[in-house]
Structures are given as C-alpha cells and as structure tokens.
1. Please work out how much accessible surface Leu205 shows to a 1.4 Å probe, ignoring ligands, DNA and RNA, in Å² rounded to 10.
2. Per residue of the chain, what 222 nm ellipticity follows from adding -39500 (n - 2.57) for every DSSP H run with n ≥ 4, rounded to the nearest 500?
3. When the accessible area of the stretch 8-63 is split by element with a 1.4 Å probe, what percent falls to carbon and sulfur?
4. Given a cut-off of under 8 Å on Cα pairs at least six residues apart, what relative contact order in percent is computed for the chain?
5. I need the peptides 102-108, 262-268 ranked by packing, meaning the mean over residues of other C-beta atoms within 10 angstrom, with the highest value on top.
6. How much solvent-accessible surface does Phe95 expose, in Å² to the nearest 10, with a 1.4 Å probe and all protein chains in place?
7. Taking all protein chains together and a probe of 1.4 Å, list Leu204, Leu54 from the most accessible to the least accessible.
8. Relative to the compact globular guide of 2.2 N^0.38 Å, what is the alpha carbon radius of gyration of the stretch 77-235, as a ratio?
Amino acid sequence: MTEVARGSETRGALLVLGAALLWSTGGVGIKALAEAPLKVAFYRSAFAAAALVLLFRPKVPRLTPGFLVALASYAACLTSFVVATKWTTAANAIFLQYSGVVWVLLLSPVVLEEPFRARDAIAVAAALAGMGLFFAGRLGPGGRGDLVALASGVFFAGLVLFLRKERDAGAVAAVTYGNVLTAVALLPFVAGDLALSASSAAILLLLGVFQLAGAYALFLRGLKRVTATRAAILGMVEPVANPLWVFLLLGERPAFLSLIGGAVVLGAIAWRTLSTPVRLPVAPPD
C-alpha cells in the first residue's frame, strides 16, 4: 500500500473517531434536559437539518433504492433509539443498538463487495465482549424496549452500509433529509408542547448542530476512506466515551467493570486501526 493510500485511510479513521466522540457528548447533553425524549429527538433533528442544509446545501438526488434505504435507515435509527431508551434501560438500548456492527461485518461483502476479514471479526467480537463488561450490572430484561433496540441496531447497520454505498452527494442528502424526515415524523407527537426554556433551547441547539450535524459531517468524510466495518468498529468509541463526559462534567463515577470493559473496547479498536490497513482506492482530494 502506498504512503498516500495509508495516509488517506488514517485520515478517514481519525474523522470517524472524531464523529464518534461528538456523538458521545449526547449523553451529558440529554441528561441536562428535563424535556421528554421525543421532544428532544424532534428538536435535535430539526436543528441538525437546518445546520446541514446551510453547510452542504444538498440537492435532492435521484430516488435510487440505495438513497431511499439510507434515508429511511437514518430516520428509523434515530427514532427507534429514542423509543428504546424510553421503553428499556439506557444501557440496554445502546448495547443492543451496537449489535448492528455484527450486521455491518456480515453484510458488507454482499452490499459493498468489501472483503470479509478475520481481523474485523476478531475486533468486533472483542469490542462486544468489552461492551458486555462495560454495561455489567446495568443490563436487564426490557421486553418490547429490547426488541426496539435490536431493530435500532439493524437500522444502524443499514445506515452505515448504504451511506458508504452512496458516498458523496447521495450520502450527504440522505443524512440531511433524514433529519428532516425524523423531525416531520415526530412533530405530531410533540406538537402540543413545543415550548422551550432558554437553557433547554441552547442545549438542544448544541446537540443538533454539533453532536448530530457536525458528527455526521465528519463521519461522511471519513466513510469515503475506510470500510464500512472499520467505520462501525470505530463508532464503538461512542458508548465508552459517553460516561466519560458525564463523569467529567457531572461527577457520575463509572463502575470498575465499566473501566475494564471500556479498556477492552478501546484496545480492540486500537488493534484493528493499527493493524494491516485494508486496501481501498485512494479518495479524491477534498
């Protein structure tokens, strides 16, 4: 692999990692809000849609099957995760959503013709085991909430796979209009209570502009340079970093097993990122 290609992949990995770190700030932001979950999801997507329209000014592309799957997966992933968080524990919701990484691993050879690699499978297995330790004591029976969280994992996988497939303009449009679709779909459920305090509006604006829109802007740029499976593995930094922000800003200490599990997840990600790079075409210059 040439140094140019290696540098392109490294940059892509760092962009996806930056996106995961931005996503992880959602926990501390949402904890600071008194609003109902669907109201939070509505405003977050509405602000994100406005930011993405101003940033990218995407045109509505041809309604290809890939674009429609990416669009629907994005809206369904955001909404189902909020519903799952309401119906089961937050730990169950995020742990089961990241089961979607397995689907990305299994389906990327079919959807994207990216090779199945043993290194990816080992990294996914180790990271999921680490997440099991990370959430030890917080996982429990959640009934229908767990089923919705598992569905959210499927939507997450569809999102990663088809954003990678669409790339460039199609992927940007899918994320932008996916936020529009989410906000429109949730509006009937929150229309009776749209009032916000100044502090809530400021937090929701930050969540929409930076935690969602900014994160996906980085993710889309990184996804052009790394495989779907590697992007999904790097995204697993999110659930590990989330309680770190809560600890630093709110003083909520993680349990010892959570620290061990987090170290296992980060170790698996670091090992896969630093191991033999996957051969990909060099991305065009920005």
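1. Surface open to solvent at Leu205 totals about 80 Å².
2. Working: 14 runs with 213 residues, N = 286.
Dividing the helical sum by the residues of the chain leaves -24500 deg cm²/dmol.
3. On the way: 1880 of 2740 Å².
Carbon and sulfur: 69 percent of the exposed surface of the stretch 8-63.
4. Working: 445 pairs, mean separation 116.2, N = 286.
RCO, the chain: 41 percent.
5. Values: 102-108: 20.7, 262-268: 19.1.
So the order, starting with the most tightly packed, is 102-108, 262-268.
6. Accessible surface of Phe95 is approximately 50 Å².
7. Working: Leu204 0, Leu54 125 Å².
Listed by decreasing accessible area, they come as Leu54, Leu204.
8. Numbers: Rg = 16.8 Å, N = 159, 2.2 N^0.38 = 15.1 Å.
That works out to 1.11 for the stretch 77-235.
The values are calculated or read from the model by the stated rules, or taken from the named source; none is laboratory data. Worth saying up front: this structure is predicted, and the values here are computed from it rather than measured. Reconstructed Cβ throughout: ideal geometry from the backbone, glycine too, with neighbour counts over all protein chains shown. Surface areas here come from the heavy atoms of the whole protein model, side chains and all, with no ligands, DNA or RNA. Shrake-Rupley method; radii C 1.70, N 1.55, O 1.52, S 1.80 Å.
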